[in-house]
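Structure, as structure tokens:
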């Protein structure tokens, strides 16, 4: 696909791309599937869970997934001090991946407003994890955001 999907706005496409990136990195994390292969699997899934993307959405999903996966140690070092009473390896896999993806997007996609990244992460947490996870993810991301803003690494 080269054009936007019928009826899809740029923001809808970005939302779907974030979802594809999260699901692809999940497959890489638990299933050992290469991130790029996982993106194709998620996107082309034959069931109702398939998430088709246009070219721009696919490129964005690849950027998020590849970057969050490759930088996981660096991202974990930013996240860990703010996940009070929780070691990252003890978190639910999806929650840890969501945190990484949001922090990665803050650091590498300065054109995206930080509040949009936070909102999208919370929506994905709500869909894939649950209400308690939403509160946890919100608290950790808020603390990481404040640190990164104070350090001048992101601008609100």
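No value in this document is a laboratory result; all are computed from the given coordinates. Note that the structure is predicted; figures quoted are calculated from it, not measured. When we count neighbours, we look across all protein chains shown, and the Cβ atoms used for this are built from the backbone with ideal geometry, even at glycine.
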To the nearest 0.05, the calculated FRET efficiency linking residue 90 and residue 142 through their beta-carbon distance, R0 being 22 Å, is 0.60
In nm, the gap between the two label points placed 7 Å beyond Cα toward Cβ at residue 116 and residue 30 is 3.0 nm
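Report, in deg cm²/dmol and to the nearest 500, the calculated mean residue ellipticity at 222 nm for the chain, where each DSSP H run with n ≥ 4 adds -39500 (n - 2.57) and the sum is divided by the residue count.
After summing the helix terms and dividing by residue count, I get -22500 deg cm²/dmol.
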